[in-house]
Amino acid sequence: VADDTLSGLMASRKIPNAWVIEFEGMVEVQLLKMIPGVEEIVETKIGTFRVTSSHNPGLRSEIFRFAADNNLSLKAVRQDESSLESVFQELTR
């Protein structure tokens, strides 16, 4: 399915517009769908979400604006890094 070095596989599967967002407390997924450009939302644990957008390079600033407009406290916003497990899952679908 793939033949490359570990670093090559990881680099080829990186999604540039995927972010992990952590809020203080619970946030409804439906509310997060209001962020312009968000295509997919996965709640990884309570208050923590992985959001992706293939066409919005400014997603990070949209996330900050959304949190401020909705009076939500952000704990962290970081670009998501592909893990070896996620690369394996994608390749073996």
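The values are calculated or read from the model by the stated rules, or taken from the named source; none is laboratory data. For clarity, every value in this text was computed on a predicted model and none was experimentally measured. Backbone-built Cβ (ideal geometry, glycine too); neighbour counts: all protein chains shown. Just so you know, the surface numbers come from the protein's heavy atoms only, side chains and all, with ligands and any DNA or RNA stripped out. Shrake-Rupley method; radii C 1.70, N 1.55, O 1.52, S 1.80 Å.
A few notes on this one:
- Residue list for the range 50-83, restricted to those being open to solvent by 100 Å² or more (accessible area, probe 1.4 Å) and either at pLDDT 80 or above or part of a helix (DSSP H, G or I) (or both): Arg60, Arg65, Asp69, Asn71, Lys75, Arg78
- The listed residue being among the aliphatic types (A, V, I, L, M), surrounded by 13 or more Cβ atoms within 10 Å (Cβ to Cβ) and out of contact with any Pro (no Cβ under 6 Å at 6 or more places or on another chain), out of Ala18, Ala11: Ala18
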